[in-house]
1. Could you count how many residues in region 327-372 are charged (D, E, K, R) and farther than 30 Å from residue 413 by Cα?
2. Would a scan of region 423-430 turn up a residue that is under 24 Å from residue 324 (Cβ atoms), modelled with pLDDT under 85, assigned to a strand (DSSP E or B) and open to solvent by 20 Å² or more (accessible area, probe 1.4 Å)?
3. If you take the residues in region 227-243 that are in a loop (DSSP other than H, G, I, E, B) and open to solvent by 30 Å² or more (accessible area, probe 1.4 Å), which one is farthest from residue 261 (Cα to Cα)?
4. Find the residue count for region 337-384, including only residues that are within 24 Å of residue 251 (Cβ to Cβ), assigned to a strand (DSSP E or B) and of a type in the set (S, T, N, Q).
5. Can you run down the residue pairs with Cβ atoms below 8 Å, 6 or more apart or on separate chains, where the first is in region 80-100 and within 8 Å of residue 321 (Cβ to Cβ) and the partner is open to solvent by less than 60 Å² (accessible area, probe 1.4 Å) and of a type in the set (Phe, Trp, Tyr)?
6. Do you know which residues across region 1-49 are in a helix (DSSP H, G or I), open to solvent by 40 Å² or more (accessible area, probe 1.4 Å) and charged (D, E, K, R)?
7. Which condition number in (1) modelled with pLDDT under 95; (2) farther than 30 Å from residue 54 by Cβ is the one that residue 267 fails?
8. So which residues in region 27-49 are among the hydroxyl-bearing types (Ser, Thr, Tyr) and over 25 Å from the mean Cα position of the chain (by Cα), if there are any at all?
Amino acid sequence: MSSFKESIILRGVLPVVDTFFHTNMAHWYKTIGNMQKWSPDQIKEWQLSKLHQLIDNAYNYSVYYRELFDTNHIKPSDILTFSDLEKIPPLTKEIIRERFNDILLSNKDRYYYKPSATGGSTGDPTKYIKDNESWGFDNAFNTIMWKQVGYHYGDRFLALGSSSIFPTNKCSVLHTLFYRMKGKYPFNAMNLSEEVLMNCVKTIQKRNIHFIYGYASAIYLLAKYVKRKNLGEQLSIKACFPTSEILTNTYRATIEDAFGCVVLDSYGANDGGIVAHSTGSGYKVGYNCIVQIEQSQSQDRKNTGVALLTDVTNMVFPFIRYRLGDELELGDGYNTFYNGQVLKKVIGRTSDIIELENGRNLTGPGFTILFKDLHVIGYRIFKSAPMQITVEIVKGHGYDQDEEKLIVDTMHKHAGNDCNIIIKYSDSIANRKNGKNLFFLN
């Protein structure tokens, strides 16, 4: 798509969409574009200004944060620098579950927001609130990062995600129109059988698609298929945007070999407000998120440990020093490579593919959508025998037979009716040393 058409969408269509959905993405797109030209000191000044506003809001309108500050003898005026944040005890998923209503700001009606949930990429789904300003920033930043490798807003792209995860789920007309405006052609990547992969290739060819976005494992499976069928020369892919999982060296090499394209790896967490992108020289972190590291004594690498995130754009449900659970290696400050923070490496996420004997290949991230709204405290999905998948569940209050049936039906939809689905209930699910759960295993 030409930059002229992109300009029409960004200046004409997107503001209308923003008005309807109250997302403010067009504003953030322009603002972030300007911020890229700022000096590191200007970026820090902007972040500190937003941080002070966040701290004041949290103290004045959140029961939880007022209690936290008062108990630890902290005043909002004590938080003057990034290092001052270390005075504030981390926010955890357990605290969110226990104090959800107390964290939510009492003046929330001044803002636009929507309920959300983590989905449980660590096997422990958690409900929270996503401020529309935070959502708009994240999506604007993603679009700008994509543009750096040749994408223009409105260009057609194949999206290998978790559309139509549930057996009877259908996309609304409004969402379909929005997808078309964005140029998005969604495919369900939870089950990538030979037939689905073939249809992906046909769609790329028919719609003249040049970009692919989706789970890292899903793009890898598509790349393997393209290589196996010698279809690379029939496609013209300019860039791939893997997300949700670790982009392993094997995944990257296979994708680059199959499509001969740029690979812009992405990392993010909606609950912590972090978005970051890398072509291999480090992940550029969105300006709205302040990343700190909880250094472990067993971790000998400097600036490496569990991420503590502060989202300065989510005013409704403050994430201040939120212990995400992912392990990151943080770069040394703001530098000439990028005027914001940089991640050297994402350590604590996993990639796995469950290969079934009926030809179906299941990828993990999509199944997190299944559990995010269920009364489930923890879960794990694994292949326990040929053509058999076990779903281990820690039940929460309100879990019932209808939710069990939904889980079984959804698993059968993607694994096939010939796959045996075993539901196993446990009191707890053991985590790894870093506290994260291997929730999806082959």
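1. The qualifying residues number 5.
2. Checked region 423-430: no residue is under 24 Å from residue 324 (Cβ atoms), modelled with pLDDT under 85, assigned to a strand (DSSP E or B) and open to solvent by 20 Å² or more (accessible area, probe 1.4 Å).
3. This residue is 229.
4. Result for region 337-384: 2.
5. Partner pairs satisfying both residue conditions: 88/69; 90/322; 91/319; 91/322.
6. Passing the criteria: 5, 11, 30, 41, 44, 45.
7. Of (1) modelled with pLDDT under 95; (2) farther than 30 Å from residue 54 by Cβ, only one is false for residue 267: (2).
8. The first filter runs over region 27-49 and keeps only residues among the hydroxyl-bearing types (Ser, Thr, Tyr), leaving 29, 31, 39, 49.
Residues satisfying the conditions are 39, 49.
The values are calculated or read from the model by the stated rules, or taken from the named source; none is laboratory data. Note that the structure is a prediction, hence the values are computed from the model and not measured. Glycine also receives a Cβ, built like all others from the backbone with ideal geometry; neighbour counts cover every protein chain displayed. The accessibility values were calculated without ligands, DNA or RNA, using every heavy atom of the protein model including side chains. Shrake-Rupley method; radii C 1.70, N 1.55, O 1.52, S 1.80 Å.
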